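J.: Supplied in structure tokens, the structure appears directly below.
Read-outs: derived from the displayed coordinates by stated rules, not from any lab. As the structure is a computational prediction, the values presented were derived from the model and not from experiment. Because the Cβ atoms are built from the backbone with ideal geometry, glycine has one as well, and the counts that use them run over all protein chains shown.
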Amino acid sequence: MDEVREPTFLMLAALAEGPRHGYGLIQDVERLSNGKTKLRPGTLYATLDRLTSKGLIETSGEEVVEGRLRRYYRLTSAGTAVLESESKQRLMVATEALRRLRVSGATPGRLAGGLS
Amino acid sequence: MTGGSDRFDSLIGAYPKAYREQRGEEILGTLREDAPTLGTYESLRVGIDIVAQGLRMRLGIAPDQLMGRVLVAAALPGMMMAAAAAMVMPLFGHVLPDYRGLPGSWGPATAVWPGLCGIWILGSLVALVFPRRLRLMAAVCIAVTVLANFLLPPAYFGFPSGFWLLVWLAVPSLLAPRTPPRWSHRGFAVLTGGLVLGALVIAAVRTQWYSSGASGSYGDIVRCVPYVAVTLIVLSATLLVTRRWVTGSAIALLATPWLLLPAANTGPFTAPTTITPLAVAAVCAIAVGLLGVWAADLWKSHRTLP
């Protein structure tokens, strides 16, 4: 698996809770990233195609709501493994960064206070 | 259906027909759900994004297709090579017109061409530090160069053909489906830029550009580019032998303008026959292979979902 970039990671994380359709993914990714990442539909479907071809996600059904076709996607076991591994890696880096900040005396609380 | 939805209906036409048939309704559904939350500016960006993704798919340069990955790998090295060439170009007469006995007053040779070189160097460095700005920087450099060619009055030197080399080297940055993500990409880009710079400087010394007198200047950079082509062919071959297909192909792609520039400049400044037929055959073989895979990707993307 190549490097998992931030939007891809967020999409996989959004699917961890269960199947999502395109617009549901856009909303969930925006929520997960605190509004920092807003996927555009063109990019969303390019990424969905790529993840499908890599076997990380699969379609899990479709429905028509108010005349609009919704296709749902879910994680495969390979996708779950990649998400788990990537999450652990990111958690490890974040934990180490916080530890170093504590060691240097610049705790996150003090940093935030200093900046505000 | 709203006017906005109608617009999306037409935008979706950017995708290949087979893809539209399989996924068009789904993408349209998402666009229509998303549309009410968008302002005018964001709506415009969504439209551009749809068209760009559709065209990429039509051209077979999506991020998961070989040509797409080759373009990503070629983007930053191409800009670094352009920066190296822009650093060396002024040495070949663009800021030293007097030795040819021509007036040394303000003009393209004394100010505009060196300025253009400066823009390329600056643009490439900004792209190196901020890869997210890569496409913007390439677009700016290309646009300024093309405008300089068409808008400036004909100068006594004419438009140096070396600038078309820079434009070619920046094209992968414009077409690449995404920016190079890692620092290692930047290290490799700096390495290739350094190799090109070194090859050009060594070539400049070997071809004794000062001694060529009135026939010097622009002819000499054309005489030097075959040295760069050889350097890049060796680098590409090394990468391919070590099974780095994408990077090897990217370097082969970037080697082609260095081969074509002397071929396009025949006459008294024609490059010496430094390139052996074997090297030209190697680049042609890589190019044919790349085109083959590209055609296969293109055929696939027009028929099925990835």
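J.: Non-local amide H neighbours of A:Leu69 (under 5 Å, H modeled in plane, Pro and chain starts lacking H): which ones?
T.: Placed amide hydrogens put B:Gly29 under 5 Å from A:Leu69.
J.: Obtain the nm distance between the two label points defined at B:Ala143 and A:Gln89 by a simple spin-label model: each point lies 7 Å from its Cα along the Cα-to-C-beta direction.
T.: 3.7
J.: Hey, another quick one. Under the rule of -39500 (n - 2.57) per DSSP H run of 4 or more residues, summed and divided by the residues of chain A, what mean residue ellipticity at 222 nm is obtained, to the nearest 500 deg cm²/dmol?
T.: Only helices count here, giving -19000 deg cm²/dmol.
J.: Using a Cα-Cα cut-off of under 14 Å, which aspartates and glutamates could be cross-linked to A:Lys54, ignoring same-chain neighbours fewer than 8 residues away?
T.: A:Asp2, A:Glu3, B:Asp64
J.: Here's something else I'd like to know. Rank these for me by crowding, B:Trp245, B:Trp113, going from fewest to most other beta carbons within 10 Å.
T.: Details: B:Trp245 18, B:Trp113 26.
Listed from fewest to most nearby Cβ atoms, that is B:Trp245, B:Trp113.
J.: Over the whole of B:45-55, what's the average partner chain Cβ count within 10 Å per residue? Rounded to a whole number, please. Walk me through the numbers before you get to the answer.
T.: Numbers: counts 3, 5, 3, 2, 7, 5, 1, 4, 8, 3, 0.
Per-residue shielding by partner chains comes out at 4.
J.: Then there's this: Whole-Hz ³J(HN,Hα) for each residue in the stretch B:122-128, computed from phi via Karplus 6.51 cos²θ - 1.76 cosθ + 1.60 with θ = phi - 60°, x for glycine and proline: what do you get?
T.: Rounded to whole hertz, the list is 5, x, 5, 5, 4, 5, 5.
J.: On C-alpha positions alone, give me the angle between the axis of helix A:6-15 and the longest principal axis of chain A, in degrees, nearest 10.
T.: 60
J.: Would you mind putting B:69-82, B:162-175, B:114-127, B:13-26 in packing order, based on average other-beta-carbon counts within 10 Å, highest first?
T.: B:69-82, B:162-175, B:114-127, B:13-26
J.: Kindly identify the stretch B:3-59 as rounded, prolate or oblate by the Cα gyration tensor criterion: order the square roots of the eigenvalues as a ≥ b ≥ c, call it rounded if a/c is under 1.5, otherwise compare a/b with b/c, prolate if a/b is larger, else oblate.
T.: Since a/c reaches 1.5 but b/c is at least a/b, the shape of the stretch B:3-59 is classed as oblate.
J.: Here's something else I'd like to know. For a protection proxy built on the mean count of beta-carbon atoms within 10 angstrom, sort A:46-59, B:231-244 highest first, please. Write out the running numbers ahead of the final one.
T.: Numbers: A:46-59: 18.5, B:231-244: 17.0.
The packing order, highest mean first, is A:46-59, B:231-244.
J.: Classify the stretch A:1-80: rounded, prolate or oblate, from the alpha-carbon gyration tensor (a ≥ b ≥ c, eigenvalue square roots; a/c under 1.5 rounded; otherwise prolate if a/b is larger than b/c)?
T.: Note, shape of the stretch A:1-80 comes out oblate.
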